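This report concerns only the one structure given below.
Taken together, the values in this text are just the output of simple stated rules run on the coordinates, not laboratory data. Fair warning: this is a prediction, and the values are worked out from it, not measured in the lab. Quick reminder, even Gly has a Cβ in these numbers, built from the backbone with ideal geometry, and neighbours come from all protein chains shown.
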């Protein structure tokens, strides 16, 4: 009996720790007005995209870090930026024409999601020391019944999967 009680106690402790750590690492997101952006974040947007217009801003917390997800337009082209509160730019997404997607990316989508139509394409660039480096594509696909889904495709088209981050509104 003692062995069973001890096993149950250890199992309960492991579950409690796992639950607590999952809750702490869970992403929280809140829409905010662009005029509530920290000055350093607003300056980073203006520096990289002068004359742009911010469409929406979300303050996200993941693993204790605050990141601002800024959607904007400049000269009719859509962009998104992920920026830390200190103004450090982590990622820049750039809208590209579907026709400009590399052949391997188009073929990967056709192979995995037959009949789907690419409605939007974003080139995702990671930023390190102010240098942008293309990392992958995020595509919005429309399937039968006008159902949309977002997928991530590697630059070479060899890896493809569903987007993990849920969007709160259609794009």
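What's the FRET efficiency of residue 146 with residue 73 using the Cβ-Cβ distance as r and R₀ = 30 Å, to the nearest 0.05? Working shown, then result.
Working: r = 25 Å, r/R0 = 0.82.
After rounding, the FRET efficiency stands at 0.75.
For region 97-165, the fraction of C-alpha pairs farther apart than 13 angstrom is 63 percent.
What ranking do 139, 37 get, fewest neighbouring Cβ atoms within 10 angstrom at the top?
Numbers: 139 25, 37 20.
Listing 139, 37 from fewest to most nearby Cβ atoms yields 37, 139.
A simple spin-label model places the labels of residue 119 and residue 90 2.7 nm from each other, with each point 7 Å out along Cα-to-Cβ. Across region 97-165, C-alpha contacts under 8 Å between residues 6 or more apart give a mean separation that, scaled by the residue count, equals a relative contact order of 29 percent. With the largest listed first and rounded to whole Å, the semi-axes of the equivalent ellipsoid of region 29-171 from the Cα gyration tensor are 28, 16, 14. The distance separating the Cα centre of region 85-160 from that of region 29-77 comes to 20 Å.
Three principal axis extents of region 27-92 based on alpha-carbon atoms, in descending order, are 34, 21, 19 Å.
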